[in-house]
Every structure is written in structure tokens, then in C-alpha cells.
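Any read-out appearing in this document is the output of simple, stated calculations on the displayed coordinates, not a laboratory observation. Values in this document were obtained by computation on a predicted structure and should not be read as measured data. Positions of Cβ are generated from backbone atoms using ideal geometry, with glycine treated the same way; all protein chains shown enter the neighbour counts.
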Amino acid sequence: MAASVGQLSSQLVSLPCAKLESKNCQRSYEKLLSGPFFRGSVPLVCKQLTTFSPQLQVWKHSPKRRMMTTCSAAVTTGSESALAPKVDFKKLQNGSDIRGVAMEGVDGEPVTLTEPVTEAIAAGFAGWLLQKKSVSEGFVKLKISIGHDSRLTAKSLQAAAARGIAGTGLDVVLYGLASTPAMFNSTITQEHDLLCPVDGAIMLTASHLPFNRNGLKFFTSAGGLGKTDISDILNRASKIYESMSVQTRESSQAAAEAVVKEVDYMERYTQDLVEAVRKGAGGIERPLEGLHIVVDAGNGAGGFFAGKVLKPLGAVTTGSQFLEPDGMFPNHIPNPEDKRAMEAIRKAVLEQKADLGIIFDTDVDRSAAVDSSGRELNRNRLIALMAAIVLEEHPGTTVVTDSVTSDGLTTFIEKKLGGKHHRFKRGYKNVIDEGIRLNQVGEECHLAIETSGHGALKENRWLDDGAYTMVKLLIKLAAAKAAGEGKGSEVLSNLIGELKEADFASELRFKINQDHPDLGSGSFKEYGEQVMQNLEQLVESDSALQKAPVNYEGVRVSGFGGWFLLRLSLHDPVLPLNIEAPSKEAAAKLAQAVLSAVEGFAALDISPLQKFFASVS
Ligand SMILES: [Zn+2]
């Protein structure tokens, strides 16, 4: 089916359209439209504006109020000046993702990811892909799929990305509301009717970040793109953006109208998840029959999991919450590391007396669970649980994690499960790539997982997939049920019964003031490294402290029955400090060691340490 691609002014109408995907949202949108701000202001026919003027009024969303505003950033056609703002494309890079401010609504955060910028970035990706493919496969007409999460700017940026790709002569397939892992999957799926496999995929998401942000993630069948590729794409995008004109954008628009198609790929992706559980459970059609599982999608893109995965497998999903996409995220941040989010799903499980709770982040590459007793299965516990499952299947295998995992987790993986814990760096891409690298150099590894809830399995092509992580738990649950073992999620809780957890855990963040004279002519990175060198020397001269023998990030030290890790943030002028200890007293002793190493650095804001001492004394 040919899809209608929004006109160049689509950003202006897409905000409400993004919300029209749910009936509830449609009702609240209609109510708002008939309100005093909207009466007669924006003429809207389906997804198209009937009239266009260069200065249009658009929605201005703020978490507390909704009002009308004139948004110059949304003006994307009508004059050459629309493309005039200089854009520093490099600033849009966030490791292996692209992130920016996509709409107004937060003071001091000007829009950086406009429609033309997004169009240029998508064209940059298309150019990058063409170069890659033409080298290895000769000329073919390439296809790129685009999906998005529940953000308010999703539809407008989707239309912009489609124009960018079509303008370079490639085909475009739109998936609409989708998950990040589904987008990667579309580069692997073999199904002609769905126009799969596609050669490249774009996911429009800013994961758990606030409502005004958005971003892009890119995939090929080789996986997610890395930092170097993202820099390359942004370089290309910058040049494309400079040469853009109303004429070039009109021809991209015409190209998009000719080649853009829509397919329901999520139907196929969710079917794959359902089949994976059925197969893992021994071929039973409804292996979750009799189990009550609640899902909390945080109004992100993960609502499908209740109706399209759990229900066909026989589970009762009553009490599932926040399944409707809503880019204002009115209930809680969709983030399994967030305390409020975890409390919300915990409460739902206990109230419903459910067997299990499942929570996703906005774009479903991260997840966590809650057992029937209300115990949160996230962070170290989720890693321990996944390690227990994977090590039953692959005895002795290595588990790669990020750097802030606990000493208790290492003991659990190595002493209880007989595996090897390879504690690596922060950053999901770093963790996954390390898992892949270990296999390449002959060390068997089947699981790479971060405390944030990003997890990838070798059996799932190292795809970073929060939904698949939950599939692994469901298979375990279904198998236990079929064997008549335990009640509800007991089988999962029992698997990590011997995981030792610290009674005290804290993360402090020391900011580096980049304007402070103490930095001299050096960068904040160099300054942070000096801080860490100083700490290292101090630790070496203190017999109560032991530096971790193998360590890939920051300075990790054990002592007083606990441990701490001081590291430099991946992107910001911040030194995060993680402390875990068996008691407050032991934590204070560890913090004291850090204090003596950092107090001489005048550009470092160590006030969090002072507050910490006050809280533990
Ligand atoms: Zn995410």
C-alpha cells in the first residue's frame, strides 16, 4: 500500500496525529481542539494541513500546561531562510546514537533536531549505506525501514527521514509505532510480502529522555551502527544540509510520494516473540495459561507486549498499565532504572496479586521484571537471573556486563553458577561488542547485559532487545509450570536465591567545572584522568584497600567488605562514584578514601560527598 507522506509542513500537524493512534488520546485531543486555544486556529483534515503559511501556530507541550505558541523551528518550507540556521551536527552525536531537542517546551532548550536536520541525517545514512553496499554487493535498489516510539514529534520526523532517504533514490518502508529491536530485526527477516529484509533501518527515539527530545538509531544486518559510522553520517548530513534548498526539498518530497510504502511489521515481530516462547516451552500452544502477568509500558512503544505476546500465549494481563502511547509520559518515565517506574509496576503486581510484572523503556530495548512477592528484578538481580538461565543452557560461558555491577554478582556468576564474569565498560554498545569480540578470539560468551536493562544474547544475534530478555524469563516460567514446579514466579526468584546483595548502595556524581582555572589549558577528560591517577596512587599506599586486578573503566577498589568505582562519564564532565558496602560505616570508610584523593581538585564539585557523610553519620 502506498503511504501518504506528510507535506513539508508535516511537523505542524503531526503532534496531534502522533497521539491519534489511541482512542483515549484521540478523545483528549478532540477535547483540547474544541477548547478556547484551538477554536478555528489550525485547519486539519486527516493528516494534512489544508492551508499553509510560513508562520503557523503549533502545539506547545509542557508537562504542566498546554498552550499555543508560534514556533519558528517548525517552519520548514516557504522560504530559503528556513534552512539558514547554522547547525553543529557533531553536537547531535551521543555515542552510537543521535539525540537532539525536537520540539519547544523546555526553557533554555532550543530545537536542534528540526525536520530539515532530520532529513539531512537520513540522507546521510542513505549515502553511507549506498557506499557500504556498492562496495560489497554491486548496485541494487536499496530499501530502508523507519519506525518510531511514542514521542510527539515522531510522525513529523518520520516524514522528514522518509524524504531524506527517498531524495537519494532509495526505497522507504514505514512501520509506524515500533520498537528499536524490531527495527534491527527487519534487516534480517526474510519475507517478501513485508518487503523484508530491508538493507538498513532507522528508529526514531530518544529512549527515556524527556518529551521534547528525539533521536535516531541506525541498523544494518550487521547490527547497530557504531560511533565512527555515526560521525561519518553526521559529516555527510552537514554537507547535505548546507546544500539544501526549497527546490531540493520539493524534489525529495515528490520522490517520497512515489516510493514510500507502509507495512505492519510489528505484527511479524511480535509473532516471532510468541513462537520463541512456544518453542522454548516445548511446543505448547498456550504455555502461559493460568499465569497472570502485568505489563507497564510507561506510555512508550512497548504496550504491544500485553496484547500481542502475552495474551496469545494464554496469560491473563488484567491490570496492565500505561500501554497507550503518550509522548508526554504522564505517568512515569519509561525507564526500568527509575525508582518511580519500578514502584509503579511493583504496586500493580501486588494489587493484582499477579505472578509477574514486566516493564519496558520507551523503545523496548531495555526491560526489567517484578516477581509475585513484589521484589524488583532489575539491575544486578536481572543480570544474575539472565546469567542463571543462560549458564544452564551453556555451562561455563562468560557473561559480559558493564562496570558498575556488584562484587556479589561476580561471586554469584563464578562460584554459584560456574561461569565467568567479564566486567567491562559502561555503554550498551561497548558491552555487546565486547561479547562479540570475546567469541571472535575464542572465548565463548552467550550473554552481554548492562545494569541499565540493555541485554543481548548470542542466540538472538546479539540484538539488544528488552522484549527478548523477557521472553527468556517467560520460557523459564512456562517450563516450570509445565513441570508443576513452584508457584507463580517462584522459579525465577529461586534462581537468584544465593545472590548476595549489599545493604548499602549509592551513586554520587562530581561535576567538573570546565571554566575553572584549575583546568589550565587541559580538557575535562584530562582533568578527570588526573583525579583518577591520584586516587590510584592513594589506594596503592593504603593496605586496607585493594585495586581490582582486572578493570576496564575507572578505578575500582575493594575494602571494608564493599567496593567503589570512580569513573569518568562517557560524554559529560562528570565523575560518577558508585559505592556498595555491607553497612553505612563501611561505606563511609570507602568514601573517606575517595575524599582524600579528590579534595585537592578545586574544579571538582565534591559537595555530594559532604552530603553523603552527613547522611551516613
Ligand atoms: Zn531504550
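Per-structure values
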quantity	calculated
Amide proton proximity set for Glu501, modelled H, under 5 Å, gap of 5+	none
Order by protection proxy (mean Cβ within 10 Å, highest first), peptides 361-374, 264-277	361-374, 264-277
Karplus-derived 3J(HN,Hα), 6.51/-1.76/1.60, for each residue of region 411-426, Hz, glycine and proline x	4, 5, 5, 8, 8, 7, 9, x, x, 10, 9, 9, 7, 10, 8, 6
Region 177-227 versus region 348-400: alpha-carbon centroid distance in Å	24
Reduced Cα scattering model of region 532-601, Debye log10 I(q)/I(0), q = 0.11, 0.23, 0.24 Å⁻¹	-0.24, -1.04, -1.12
Relative contact order %, region 133-260, counting alpha carbon pairs below 8 Å whose residues are six or more apart	29
Farthest positive-ward along the chain dipole, Cα basis, beta-carbon charges - from Gly528, Ala544, Gly147	Gly147
Leading residue at positive end of dipole, the chain (Cβ point charges), from Ser615, Val87, Gly561	Val87
Per-residue Cβ neighbour rank within 10 angstrom, fewest leading, Cys196, Cys445	Cys196, Cys445
Rounded to whole Hz, the Karplus (6.51, -1.76, 1.60) HN-Hα couplings of region 591-607, x for glycine and proline	5, 4, 4, 5, 4, 5, 7, 9, 5, x, 9, 5, 7, 9, 7, 9, 4
Net charge dipole size for the chain [Lys, Arg +1 and Asp, Glu -1 on Cβ; Debye, nearest 20]	1060
Along each principal axis, Cα extent of region 459-508, largest first, Å	44, 30, 14
Relative contact order (%) - region 269-495, alpha-carbon pairs under 8 angstrom, separation at least six	19
Farthest positive-ward along the chain dipole, Cα basis, beta-carbon charges - from Ser251, Leu204, Ala448	Ser251
Dipole moment magnitude, nearest 20 debye, region 128-222 about Cα centre, only Lys, Arg, Asp, Glu C-beta charged	340
Cα-centred dipole magnitude for region 149-303, charges only on beta-carbon of K, R (+1) and D, E (-1), debye, nearest 20	520
Residue-by-residue Karplus 3J(HN,Hα) for region 373-385, coefficients 6.51, -1.76, 1.60, Hz, glycine and proline x	8, x, 6, 6, 10, 10, 6, 4, 5, 5, 5, 4, 5
Sequence-separation-based contact order of the chain, relative, with Cα cut under 8 Å and 6+ spacing, percent	10
Volume of the Cα convex hull of region 229-367, divided per residue and given in Å³	167
Highest to lowest packing among 394-407, 601-614, 114-127, 476-489, scored as the average C-beta count within 10 Å	114-127, 394-407, 476-489, 601-614
Dimensionless Rg over Rh [region 118-275; C-alpha; Kirkwood]	0.95
Which listed pairs, of Lys227/Lys458; Lys420/Lys547; Lys311/Lys500; Lys141/Lys217; Lys339/Lys425; Lys353/Lys425, have C-alpha distances above 29 Å, in listed order	Lys311/Lys500; Lys353/Lys425
With Cα atoms, 0 to 90° folded angle of helix 115-137 axis to the chain main axis	80
Helix axis angle, 246-259 relative to the chain longest principal axis, alpha carbon, degrees	80
Sorted by Cβ density within 10 Å, fewest first, the residues His422, His148	His422, His148
Amide H contacts of Ser372 (H built 1.01 Å from N, under 5 Å, at least 5 apart or other chain)	Ser489
Arg213 long-range amide H proximity, modeled H, under 5 Å	Ala102
Using alpha carbons only: equivalent-ellipsoid semi-axes of region 436-536, gyration tensor based, whole Å	42, 20, 13
Sequence of Ser96, Ser243 once ranked by neighbouring C-beta atoms within 10 Å, starting from the fewest	Ser243, Ser96
Global form of region 269-495, assessed from the alpha-carbon gyration tensor, a/c cut-off 1.5	prolate
Formal net charge of residues neighbouring Pro197 (Cβ-Cβ distance under 11 Å; K, R +1; D, E -1)	-1
DSSP beta bridge pairing in the chain, given as percent antiparallel to the nearest 5	65
Sum of -39500 (n - 2.57) over DSSP H runs of 4+, divided by residues of the chain (222 nm, nearest 500)	-11500 deg cm²/dmol
Burial ranking of peptide ranges 319-325, 298-304 (average Cβ count within 10 Å, highest at the top)	298-304, 319-325
Fraction of antiparallel bridges per DSSP, region 260-399 only, in percent to nearest 5	55
Quotient of Cα Rg and 2.2 N^0.38 Å for the chain, N being how many residues it contains	0.99
